[in-house]
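To keep things clear, I will list the structure first and then write my remarks on it.
The values are calculated or read from the model by the stated rules, or taken from the named source; none is laboratory data. Bear in mind that the values here come from a model prediction, so they are computed numbers and not experimental data. Positions of Cβ are backbone-derived with ideal geometry, glycine not excepted, and every protein chain shown enters the neighbour counts. Ligands, DNA and RNA are stripped out before the accessible areas are found, and what is left, the full protein with its side chains, is counted by its heavy atoms. Shrake-Rupley method; radii C 1.70, N 1.55, O 1.52, S 1.80 Å.
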Amino acid sequence: MTRYLILLTTILASSLAFVDGSVVAVGLPAIGNNLAGASAELPWVVNAYLLPLSALLLFGGALGDRFGRKSILVLGVATFAIASASCAFSPTLGWLLVSRALQGIGAALLLPNSLAILGQTFQGEARGRAVGLWAATASMASAFGPVLGGWLIDTVGWRAIFYINLPFAVIAIALALLFVRDQETDKTGRLDLPGALLATGALGAMVWALTIGAGPRGWSSASITLLSAGIILAAGFLRQEMARGPDAMVPPALFESRSFVGLNLATLMIYGALGGFFVLIPYLLIEAAGYPATTAGAALLPFSIIMMVAGPFTGALAGRIGARWLLIAGSLTVAAGFLLGLRIGPEAAYWSEVSPCILLTAIGMAAIAAPLTTAILASVDDAHAGAASGINSAISRVGGLLITALLGKLLAERSDMLLPGFHRAAIAFAGLAIASAVCIALTVDRSPPSLESTES
């Protein structure tokens, strides 16, 4: 019984981060109207959360390994809860952005440690079932979060989407304190604090530069200076990781694998396009087509349902035939889904214009998500499997972070100009998806996995 209470603990904790990542996009119009924020600044409501989450995800896992996964999980959930209360209270947009960044830090602490606690609690076939249930629940939370969030925005107000996190956080902390036990931790390794700071600084400077440069004011000496600073900090991060060798957050040995590099480049492009798409669709439906927030949130529901149902099938198929062709076909299908967005007209008729775009994109992503994990793990040796998976997860978030930073000018458009801007973005997103397919075709091994080696 205790093991299943631990499973419930990890599901509640991680669901906080998954729901928050999907629901806030539905609230952007209401947040902008209430806090009198310029539309060009609204991407920061998303990116202030994604930035620390992306940069500190691996560091959060390392903290759990060093100081105890239970302790860091509780710290992460508590941080997320305090930040959620602060978000709900925010009197200004600036206050909200600082609170969102604190939420991202909390998520970076709780996410890797919730999964690691599952790994230490369950073994063998039971571990597979537990992780599968954890992943399925995360998909359900991401699916129904925007619907619940939209309903709360329409009936209570946007602040309720943050207040609702608090009771779940309290329950998760109580369960963790009562039932989770820490294994003995490794106190000998040095934490890569300089690497974490350099990664955060590099991402922050580049995202800030892109947000300013893509906004109504365009590129200036300030944005160019910020971009240059970000590039310099990124170079410093790479040098730091090479100096640390095997103890680095990002072990340099991983990049000796051509497939690993190609898969991560493809991940950056395809998840970047998807992140931008999920910011724009609800914003377009609410601001340009007049959808209620509840309906705009429900519009995305088919995507998560298809991902949840088809994910296990495509993951098993990748194990039999190899991930390469699934990834290529999936990327091209996603590109076709984005291009279907060109059919969306001023009224944004859901069944004839919006849903075909979402459904085809979902089918393509279902062919990518699980096979991508399989391909990433197959591209490195077993000793680096955990680091490789964590890096790929972080890069998928960085992709969304960078593309969202470029949407400021589009979000600042008048409602009657949003649709042409969305059509231009859909073409750009399709180009990224096609480039992802080309990258996979050029770098990923053609041979399917060996059944003999799998069985052994």
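The number of residues in segment 315-328 that are part of a helix (DSSP H, G or I) and closer than 10 Å to Ile440 by Cβ comes to 5.
Of the residues Ile363, Ile376, Ile358, Ile344, the single one that is among the β-branched types (Val, Ile, Thr), out of contact with any strand residue (DSSP E or B) (no Cβ under 9 Å at 6 or more places or on another chain) and without any contact (Cβ under 8 Å) to a residue 60 or more places away in the chain is Ile363. The single residue among Leu110, Leu53, Leu75, Leu148 that is more than 29 Å from Glu241 (Cβ to Cβ), among the aliphatic types (A, V, I, L, M), at pLDDT 85 or above and assigned to a helix (DSSP H, G or I) turns out to be Leu148.
The numbered conditions (1) under 13 Å from Ile281 (Cα atoms); (2) part of a helix (DSSP H, G or I) are all true for Met365 except (1).
Close Cβ contacts (under 6 Å, 6 or more residues apart or on different chains) running from residues in segment 381-402 that are among the hydroxyl-bearing types (Ser, Thr, Tyr) to residues that are in a helix (DSSP H, G or I) and modelled with pLDDT of 85 or more comprise Ser396/Thr267; Ser396/Tyr271. Considering segment 49-82, the residues that are more than 11 Å from Leu110 (Cα to Cα) and free of Cβ contacts under 8 Å to residues at least 60 places away in the same chain include one that is least open to solvent (accessible area, probe 1.4 Å), namely Tyr49.
Here Ser114 clears all of (1) among the polar types (S, T, N, Q); (2) open to solvent by 30 Å² or more (accessible area, probe 1.4 Å); (3) within 18 Å of the chain's Cα centre (by Cα) except the condition numbered (2). Considering segment 219-229, the residues that are at pLDDT below 90 and either open to solvent by less than 50 Å² (accessible area, probe 1.4 Å) or of a type in the set (Ser, Thr, Tyr) (or both) include one that is farthest from Leu406 (Cα to Cα), namely Ser221. In segment 316-335, the qualifying residues are those that are of a type in the set (Gly, Ala, Ser) and open to solvent by 40 Å² or more (accessible area, probe 1.4 Å), and the one that is modelled with the highest pLDDT is Ala329.
For segment 152-166, the tally of residues that are farther than 11 Å from Cys87 by Cβ, assigned to a helix (DSSP H, G or I) and open to solvent by 70 Å² or more (accessible area, probe 1.4 Å) stands at 2.
Going by the structure shown, is Gly213 farther than 13 Å from His384 by Cβ and free of Cβ contacts under 8 Å to residues at least 12 places away in the same chain?
no
Check segment 281-290 and report whether any residue there is outside any helix (DSSP H, G or I), under 28 Å from Ile153 (Cα atoms) and either of a type in the set (D, E, K, R) or touching a residue at least 12 places away in the same chain (Cβ under 8 Å) (or both). Looking for residues that are outside any helix (DSSP H, G or I), under 28 Å from Ile153 (Cα atoms) and either of a type in the set (D, E, K, R) or touching a residue at least 12 places away in the same chain (Cβ under 8 Å) (or both), one finds at least one in segment 281-290, hence yes. Annotation: of all residues in segment 404-440 being touching a helix residue (DSSP H, G or I) at 6+ places or on another chain (Cβ under 6 Å), closer than 21 Å to Val354 by Cα and not in a helix (DSSP H, G or I), the one that is least open to solvent (accessible area, probe 1.4 Å) is Leu407. Would you be able to say whether some residue in segment 381-403 is touching a Lys or Arg at 6+ places or on another chain (Cβ under 8 Å), on the phi < 0 side of the Ramachandran plot and in a helix (DSSP H, G or I)? The answer is no; no qualifying residue exists.
For (1) more than 17 Å from Pro52 (Cβ to Cβ); (2) of a type in the set (A, V, I, L, M); (3) free of Cβ contacts under 8 Å to residues at least 60 places away in the same chain; (4) open to solvent by 40 Å² or more (accessible area, probe 1.4 Å), each residue gets a yes or a no:
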{"residue": "Ile171", "(1), (2), (3), (4)": "yes, yes, no, yes"}
{"residue": "Arg181", "(1), (2), (3), (4)": "yes, no, no, yes"}
{"residue": "Pro194", "(1), (2), (3), (4)": "no, no, yes, yes"}
{"residue": "Ile232", "(1), (2), (3), (4)": "yes, yes, yes, yes"}
{"residue": "Ala235", "(1), (2), (3), (4)": "yes, yes, yes, yes"}
{"residue": "Leu238", "(1), (2), (3), (4)": "yes, yes, yes, yes"}
{"residue": "Gly245", "(1), (2), (3), (4)": "yes, no, yes, no"}
{"residue": "Glu256", "(1), (2), (3), (4)": "yes, no, yes, yes"}
